[in-house]
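Accompanying notes for the structure given below.
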Amino acid sequence: MKRQLSVFLKGAGMGAADAVPGVSGGTIAFVTGIYEELIHTIKQFGPAAIPAWRRGGLRGLVVHLNLAFALPLLLGVGISLVSVAHLVVWLLDDYPLLLNGFFFGLVAASALVVSRHPVDWKPWHLLPLVVGLLLAHGLPKLMPMVNLLGSPSLMLVIAGAIAISALLLPGVSGSFLLLSMGLYGTVMQGIRSFDLALLGTFSIGCLIGLFGFSRLLSWLLRHYHAATLQLLVGFIVGSLPVLWPWRELVRYQLGPEGRMIPLDYRYLTPGHYADLTGEPGLLLPVLVTMLVGAALVLMLDRYAGDNPDMATEGSQPPPDKEDGSNA
């Protein structure tokens, strides 16, 4: 029960983070030590589940799908999206500097924690680190190219695959990429109006991205663990500028629905921000929230080191039996 409660709370954190542009649920999964188990669990949902059910019945299926982990996690994400996320959105509207400061400290400390614990680090691992940095910086700028596909249905499928894949990557916000494609409003309106045709097309893309990308990540983590972690650290560090509290939007374009798509920011000092906007820079309060976010991650890391169960929670994948057999 303690394990399920812990996973539920981490799922709630993932759901709340997804409400903040520039923060992904994957970042919270990474910070809280469940990232690898999440990727390997998603990978288990596929055709291999059928022979697992035939061989072991319901119990075999539960073990194969790692439902003891997946169900409380999904419950936490779902409840958070309809409750805690509203609090986060309110904080983002009324106290954006403080909220961005908290997530900046949290994300920066998570990159530090992961990068200082390489399993078998080698000099060439700097390459995936740099690739992650470049991709995190460049992906939003590439997203408007999706509009060149022409076909609205194809655009929705591609957008769904990209957005759901981004949710699995720490430091990459799926909702932000949708906004960059100019499709955020279309998808949100489809959800509000319950447009089954639109949602069905978008969901096809999500399923393709979810099952395809989770298998790629699972394979990379199994065969190139340290290099893949460095790639993910690059994504995390590359997302930090989006969370810098004191910034000014200097370049944007309008999407198909007239929504503003951010393209470039200018990063300011607290004093310059106050002079430019006429609002207080809140240097001390923001620094406090940064420290709180960083301290939370460092405490989780220390607790994981003192608690063997938690330390191995995110590093041990569920049984990976493609033929459906159970150990």
The stretch 44-55: number of residues that are open to solvent by 30 Å² or more (accessible area, probe 1.4 Å) and either farther than 27 Å from residue 228 by Cα or within 19 Å of the chain's Cα centre (by Cα) (or both): 5
Pair list, Cβ under 7 Å, 6 or more apart: the stretch 266-279 residue in a helix (DSSP H, G or I), other residue open to solvent by 60 Å² or more (accessible area, probe 1.4 Å): 270/283; 274/280
Contacts under 7 angstrom Cβ, first residue in the stretch 188-213 being in contact (Cβ under 8 Å) with a residue 60 or more places away in the chain, partner in a helix (DSSP H, G or I), 6 or more apart: 210/42; 210/164
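In the stretch 139-165, which residue that is in a helix (DSSP H, G or I), modelled with pLDDT of 75 or more and not aliphatic (A, V, I, L, M) is least open to solvent (accessible area, probe 1.4 Å)?
Pass one, the stretch 139-165, residues in a helix (DSSP H, G or I): 139-149, 152-165.
Of the ones still in play, those that are also modelled with pLDDT of 75 or more are 152-165.
Keeping just the survivors that are not aliphatic (A, V, I, L, M) gives 152-153, 160, 165.
On the way: 152: 93, 153: 67, 160: 0, 165: 19 Å².
That would be 160.
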Selection within the stretch 201-252 - open to solvent by 10 Å² or more (accessible area, probe 1.4 Å), more than 21 Å from residue 35 (Cβ to Cβ) and small (Gly, Ala, Ser): 203
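The values are calculated or read from the model by the stated rules, or taken from the named source; none is laboratory data. Being a predicted model, the structure only gives us computed values, none of them experimental. Because the Cβ atoms are built from the backbone with ideal geometry, glycine has one as well, and the counts that use them run over all protein chains shown. With ligands, DNA and RNA removed, areas are computed over all heavy atoms of the protein, side chains included. Shrake-Rupley method; radii C 1.70, N 1.55, O 1.52, S 1.80 Å.
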